[in-house]
Each structure stands twice: as C-alpha cells, then as structure tokens.
Amino acid sequence: MTRSSPNHSHNNSLGAVNVNWLVITTAIATVAAIVGIIADGGTIFNWFKGSSPTKTDNDNVTLVAPPSPTRENQTPRNYDNVTASQTQDAKTYYNRGKEHYDLRNYEQAIADFNRTIQLNPKYAIAYIYRGLVYYYQGNYEQAIADYNRAIQLNPKDAYAYNNRGVAYGKQGKYEQALADYNRAIQINPKYADAYNGRGIVYYNQGNYEQALADYNRAIQLNPKYADAYNGRGIVYYNQGNYEQAIADYNQAIQLNPKYAEAYNNRGIVYEKQGKYEKALADYGESIRLNNSELWFPYNNRGIVYEKQGKYEQALADYNRAIQINPKYAEAYNGRGIVYEKQGKYEQALADYNRAIQLNPKYANAYNGRGIVYKEQGKYEQALADYNQAIQINPKYADAYYNRGNVYKGNNSIEKAISDFEKAADLYKQQGNQKWYQNSLDQLKELRGN
C-alpha cells in the first residue's frame with residue numbers, strides 16, 4: 001500500500017529576533033534581553049519582526065545607552081538661554097531619570113527626562129534615554145522622534161543612529177535601518193553593536209552572506225559578543241550548516257551560560273537532526289532560565305513531544321505557550337495538530353481558525369485545517385485550504401501532497417498526478433527523501449506501474 005497519510009507542517013521558533021527583548025549596552029556591560037524567531041520546526045531567538053514557518057527572523061538587536069559621562073563631559077554645555085542653575089537642575093533630573101530607567105520604572109523615567117529637556121532643550125543624551133524608554137514601551141514613533149532630535153543636536157552620535165536603526169528595524173523599515181547602521185559604522189568603524197544590528201537586517205532580508213560578514217566583523221571586534229554568535233548560528237541554521245550553527249550556539253552559551261535563546265536555538269538544530277532527547281534537554285534549560293517570559297521553547301518542546309507521540313505533554317506545552325502569549329499563532333497551529341491526531345476535530349478546527357485569524361498568511365494553518373476537513377469528508381473545503389496554502393507558499397510540498405490525496409480520492413487522476421509530481425520535485429530539492437519516495441509511490445500507483 002502507498003502511504004497516503006496527510007503531511008503536517010510545524011513552526012519552530014528561533015530565539016533572538018521575533019518578539020522583542022533587546023540588548024542594552026553601556027560602557028561597562030552588555031545586558032542581554034529577549035529575542036525570538038521561527039524556523040522550520042522550532043522557534044529561534046532574534047528580534048525584528050514576527051516568526052514564519054520556513055524562515056527565521058533574526059532579532060537580537062542591540063539598543064545602546066550612551067556611556068556614563070566622563071570627566072570632560074560630566075556637566076552639559078551651558079547653551080544659549082540656559083542658566084547655570086538650569087543646567088545643574090537638568091543634570092539632576094537626568095541622573096534620576098537614568099536610575100528609574102535602569103530599574104525599568106519607565107513612567108518615572110519619562111517624567112524626569114521630560115523635566116530635563118524642559119530645563120535644557122539641548123540636552124542630547126536625555127533624548128537618547130527617553131527614546132530608549134519609548135522603544136521599550138512599544139512607542140517606536142516617539143522613540144524615533146527623540147533619536148532624530150539627538151542626531152540634530154549631535155550629528156556624530158553613533159549611539160543615536162544605532163538606536164534609531166533598531167527602531168526602524170522593528171517597524172520593518174529595513175532600508176532606513178541599514179542607512180542608520182551604515183552611518184553609525186561610518187562614525188565609529190569599530191562599533192560591534194552596529195555590525196550586529198546590520199547583520200540582523202541583512203538576515204531578515206534574506207541576504208545571508210552579508211549577514212555573515214557583519215556577524216564575523218562584530219565577533220572580530222568583540223570576541224565575547226554572545227549575541228553575534230547566536231545571530232550567526234541562526235544564519236548557519238537557515239543555510240543548512242547545522243554543525244556550524246551548533247558550534248556558534250555552543251560559544252554563545254559558553255560566553256553566557258544563562259542565554260535562554262541560544263539553548264532554544266541549539267535545540268532546534270538537534271531536533272532537525274532527529275536528536276530529540278538533546279533537543280528536549282535544551283528546550284528544558286531554556287524554559288528553566290526564563291520560565292515566565294519565553295513562549296518559544298514551550299512551543300518547540302511541544303513539537304518534539306508531538307513527534308514522539310506524547311500528546312498530553314505536547315498539549316501542556318502548547319497551552320503554556322498560549323498562556324504566556326495569547327497571540328502566538330504557531331502554538332495554536334501545533335495544538336491543532338495534536339487535537340487532529342487525537343481525533344478531536346472540532347477543537348483542532350478552532351485552533352487552526354485562531355491561528356489563521358492571528359496570521360492570515362499562515363500557510364501551515366491552512367494546510368492543517370485542510371487535513372481536518374478531509375478527515376471529515378469536507379473535500380471542497382479541504383481543497384480550498386490547500387489552494388490557499390499553496391498560493392501563500394508556492395513551494396509548499398506538503399500542501400501539494402495533501403491536495404493530491406484529495407484529488408486521488410475524488411478520482412481526479414490527472415490533477416492528482418500533477419500534484420504528486422510537484423510534491424516529489426519539491427521534496428527532492430529539500431532533501432526530504434522519505435516524502436520524496438512517498439510521492440513517487442503515489443505516482444507509481446496512479447499510473448498503474
């Protein structure tokens with residue numbers, strides 16, 4: 001008998017560029033924040049935009065707080081119409097605002113920076129810090145406005161260009177982000193954070209070689225730059241260079257043993273290699289290190305449990321991912337797959353519907369819903385969903401295979417043959433020998449030879 005079981009597609013989330021924790025660099029230390037991405041099978045960490053089923057979004061961006069004042073610049077210049085008293089008062093509010101910022105007391109920080117700027121409208125560093133606060137609050141336009149003002153006051157401030165580049169990247173305005181990173185690097189050719197940020201933009205644009213070049217340069221400038229190793233590992237993963245990816249994740253973890261995103265990302269590679277126990281160990285460590293905030297490792301661990309047939313454990317992880325992030329489409333898709341395998345079709349449909357509502361271009365969810373409709377005998381609805389999945393992703397081998405199965409069942413032999421031929425070609429290109437052979441077996445059966 002030819003294997004005709006429907007093919008599901010999962011979304012792993014890479015960790016570093018997907019949702020948004022950032023890295024704040026001071027003159028003394030670099031503090032990592034959170035970032036996340038999605039890859040074929042798991043969620044990778046990095047940060048700019050959302051995740052996608054077949055491509056990881058790299059987002060370990062680095063927002064930079066300016067260095068602490070030096071002996072030469074501890075007192076802001078006394079600009080025109082600003083009295084010495086106002087200058088000193090502005091500095092007092094600035095220092096208190098910076099303390100609130102460090103403690104993440106953002107509203108108090110904004111109030112103090114507002115007062116600083118009111119007293120001294122040309123206090124450039126206050127605009128940068130207020131921009132940082134606005135960024136972390138998700139007020140990207142206000143952050144950009146403050147960076148604009150800081151640049152106007154000091155056109156050679158590499159920090160302001162870097163941070164504005166981060167904000168543009170978050171908005172998906174990659175060309176503007178690149179222009180700012182380029183300017184920051186022009187001002188300071190040894191600015192590792194700017195190379196790392198530009199590498200992320202290139203990655204999100206699919207320019208992997210340029211991304212690698214920037215990550216290499218960032219690492220050359222700062223051999224202890226864990227985020228750059230993590231980012232480079234994500235690029236290697238997407239290129240299929242799994243051993244190099246693991247080597248970079250290992251280095252990131254060695255430099256920062258509490259780097260939850262790097263554990264998550266390494267787990268994805270292990271999963272891709274079929275090393276499920278190692279993958280589970282890494283996802284577990286990622287969860288342990290950041291239990292309350294990261295939803296990606298729960299999703300990814302759920303995928304492994306589902307592949308192992310441990311459905312209840314998979315459901316528990318998907319539930320937890322959704323609890324942390326109710327708008328996480330990938331977890332609804334994963335939970336839908338489990339419900340479908342358990343024969344709970346209505347619950348599966350509800351989850352696929354929710355995933356599609358959250359992400360109308362989510363090909364995997366359309367494919368999954370099509371599988372349920374086929375199991376329910378709703379063939380026209382199944383075909384409509386497979387068609388939509390293929391329209392979104394014309395190289396979606398699973399959707400062609402599954403649609404071919406429906407055509408086969410409807411005795412539309414020519415259409416079935418066409419779809420299995422396309423699926424076989426795509427599986428071959430992807431190096432998926434198992435499903436390539438399944439497609440060939442289907443074609444052999446349909447052709448009667």
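Every number here is computed from the coordinates shown, using simple stated rules; none is lab data. If you're wondering where the values come from, they're calculated on a predicted model, not measured in any experiment. Backbone-built Cβ (ideal geometry, glycine too); neighbour counts: all protein chains shown.
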Revision key, fill the gap. Computed ³J(HN,Hα) along the stretch 276-288: with the Karplus parameters 6.51/-1.76/1.60, θ = phi - 60°, integer Hz and x for glycine or proline, the list is 5, 5, 5, 4, 4, 5, 5, 5, x, 5, 4, 5, 4
Revision key, fill the gap. Listing Y134, Y400, Y174, Y242 by rising number of other beta-carbon atoms within 10 angstrom, fewest first, gives Y242, Y174, Y134, Y400
Review point. Residue by residue, what Karplus-based ³J(HN,Hα) values in Hz, rounded to whole numbers, does the stretch 206-213 have, using 6.51, -1.76 and 1.60 with θ = phi - 60° and x for Gly and Pro?
Key: x, 8, 5, 5, 5, 4, 4, 4
Point to revise | Formal net charge of residues neighbouring Q429 (Cβ-Cβ distance under 12 Å; K, R +1; D, E -1) | key: +2
Point to revise | In order through the stretch 120-136: 3J(HN,Hα) via Karplus (6.51 cos²θ - 1.76 cosθ + 1.60), integer Hz, x for Gly, Pro | key: 9, x, 10, 7, 4, 5, 5, 5, 5, 5, 5, x, 4, 5, 4, 4, 5
Point to revise | Under 11 Å, Cβ to Cβ, from N188 - net charge with Lys/Arg +1 and Asp/Glu -1 | key: +1
Study note, to complete from the structure: Fewest-first ordering of R183, R447 by Cβ atoms within 10 Å yields R447, R183
Review point. Roughly how many whole Å is it from the C-alpha centroid of the stretch 176-250 to that of the stretch 271-327?
Key: 27 Å
Practice item. Could you list F296, F420 in order of exposure, starting from the residue whose Cβ has the fewest other Cβ atoms within 10 Å? Key: F420, F296
Check your understanding: So, counting K/R as plus one and D/E as minus one, what does the shell of residues with Cβ under 12 Å around Y332 add up to?
Key -> +2
